[in-house]
Amino acid sequence: MSSFDYDQAFSRNIGWLTKDEQAALRTKRIAIGGLGGVGGAHLLTLTRLGIGRFTLADFDTFDLVNFNRQAGACMSTLGRPKLEVMSAQARDINPELEIHGFAAGIDRDNLEAFLQDVDLYVDGLDFFAFEARRAVFAACHRKGIPAITAAPLGMGAAVVNFLPGKMSFADYFAFTDGAPEEYPLRFMLGLAPARLQMGYLADPSAVDLALQKGPSTGMACQLCAGVAATEALKILLGRGPVRAAPWGYHFDAYLNRFCRTWRPMGNRNPWQRFMLRLAKIKLARLASNS
């Protein structure tokens, strides 16, 4: 059996990367909060890109309901901690990885340690983990750490970057302008103003934001990992165009459509406020018909 050699393992990246750029990625540390649907896919894709250091957080274990989309979910991992399983998978690709793990997840007590020496944060938290997500993005903004959120919506991916000196996560999503029960709508509409995924939702009864329930697909998670890793490459290496909030983009593979989005003032944009009111009316009608 051949011994591991970093340069050989990631040599096929060279061409799209220079050797110096690949060497630079080897020294970078990326933090990922959550290792489920998108988070696990983010970790493996970034590991294959040649990132050499990770800070990872997840308190959950794998279950049958994860099988349709989560990279680490299979019969042999049922009931096992996601952090343990995904760290092992990543180290099986690159045994030289330096991984700092947070098995209790992310909270305000360990947030400083979670973001220590981090070059980039990639969001993999559960869609409904609003308290943790707001805290992490606020800390990134305060510390000048770039942050990426790539959301799996339908059979596509919606991406918004938050960069130092640019619009903050808090200002873009404006969660505090509404009640907590509005947070899922504010997050979804901010991520995907184009709402491409809503045109082919086959069973609306599968969506219940009040019960924190919604459908997801493995295709969307894989797309998210690809686009987030590409954004990470550009941010970490300082090359290529990187648009930050209030800019974003949404690619939907089912519709074969791509939309670049721009929402000045984020969810405080008049059109976004109108869309929020409309979405609340539609959800109320769905609830009354169920």
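Nothing in this text is a laboratory measurement; each read-out follows from the coordinates by a stated rule. Note that the coordinates shown come from a computational prediction; the quantities given were computed from them, not determined experimentally. Backbone-built Cβ (ideal geometry, glycine too); neighbour counts: all protein chains shown.
What's the exposure ranking of Cys74, Cys224, Cys259, going from fewest to most Cβ atoms within 10 Å? Before the final figure, lay out each step's value.
Details: Cys74 12, Cys224 30, Cys259 17.
Fewest-to-most ranking of Cys74, Cys224, Cys259: Cys74, Cys259, Cys224.
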With charges set only on the Cβ (+1 for Lys and Arg, -1 for Asp and Glu), what does the dipole of the chain come to about its Cα centre, in debye to the nearest 20? 1120
For the stretch 6-289, how many pairs of lysine residues have a Cα-Cα distance under 27 Å, where the two are 8 or more positions apart or belong to different chains? 12
Hey, if you put +1 on the Cβ of every Lys and Arg and -1 on every Asp and Glu Cβ in the chain, which of Ala113, Leu283, Pro215 ends up farthest toward the positive end of that dipole? Leu283
Which shape class, rounded, prolate or oblate, goes with the stretch 224-281 when its Cα gyration tensor gives a ≥ b ≥ c as root eigenvalues, a/c under 1.5 marks rounded, and past that a/b bigger than b/c marks prolate? oblate
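Apply 1/(1 + (r/R0)^6) to the Cβ-Cβ distance of Ala206 and Val242, taking R0 = 41 Å, and write down the FRET efficiency to the nearest 0.05. Kindly include the intermediate steps, with their values, before the conclusion.
Numbers: r = 35 Å, r/R0 = 0.84.
Step by step, r from the Cβ atoms, then E = 0.75.
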Would you kindly state the longest site-free stretch of the chain, with sites defined as trypsin sites (Lys or Arg not before Pro) in a DSSP loop (not H, G, I, E, B) surrounded by at most 13 other Cβ atoms within 10 Å? 109-238
Surrounding net charge for Ala194, when Lys and Arg each add one and Asp and Glu each subtract one, Cβ distance under 14 Å: +3
Which ³J(HN,Hα) values in Hz, rounded to whole numbers, follow from the phi angles of the stretch 144-156 under the Karplus curve 6.51 cos²θ - 1.76 cosθ + 1.60, where θ = phi - 60° and Gly and Pro get x? x, 9, x, 9, 10, 10, 10, 9, x, 10, x, 10, x
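Would you mind ranking Val207, Val122, Val65, Val160 by Cβ crowding within 10 Å, fewest neighbours first? Present the calculation step by step, with values, prior to reporting the outcome.
On the way: Val207 15, Val122 27, Val65 10, Val160 30.
With the sparsest Cβ surroundings first, the list reads Val65, Val207, Val122, Val160.
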Once Lys and Arg are counted +1 and Asp and Glu -1 for all other residues with Cβ under 13 Å from that of Val85, the total becomes -2
Cα axis of helix 270-289 to longest principal axis of the chain: angle in degrees, 0 to 90, nearest 10? 70
Computed FRET value (nearest 0.05) for Arg91 with Thr61, which takes r as the C-beta separation and R₀ as 25 Å: 0.85
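Test of understanding: ordering His250, His42, His100 by Cβ neighbours within 10 Å, fewest first, what list do you get? Working shown, then result.
Details: His250 24, His42 30, His100 16.
Placing the least packed residue first, the sequence is His100, His250, His42.
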Tell me, what is the FRET efficiency for Lys282 and Arg108 to the nearest 0.05, using R0 = 45 angstrom and their Cβ-Cβ distance as r? 0.80
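Using DSSP, restrict attention to beta bridges with both residues in the chain and report what percent are antiparallel, rounded to the nearest 5. The partial results should precede the final answer.
Details: 19 of 38 bridges.
Once the DSSP bridges in the chain are tallied, antiparallel ones form about 50 percent.
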Using +1 at the C-beta of Lys and Arg and -1 at the C-beta of Asp and Glu, which of Tyr172, Pro152, Cys140 has the Cα lying farthest in the positive direction of the dipole of the stretch 133-181? Cys140
When all alpha-carbon pairs of the chain are counted, what percent fall beyond 36 Å? 13
Dipole axis of the stretch 43-87 (+1 Lys, Arg; -1 Asp, Glu on Cβ), positive-most option in Leu78, Thr55, Thr45: Thr45
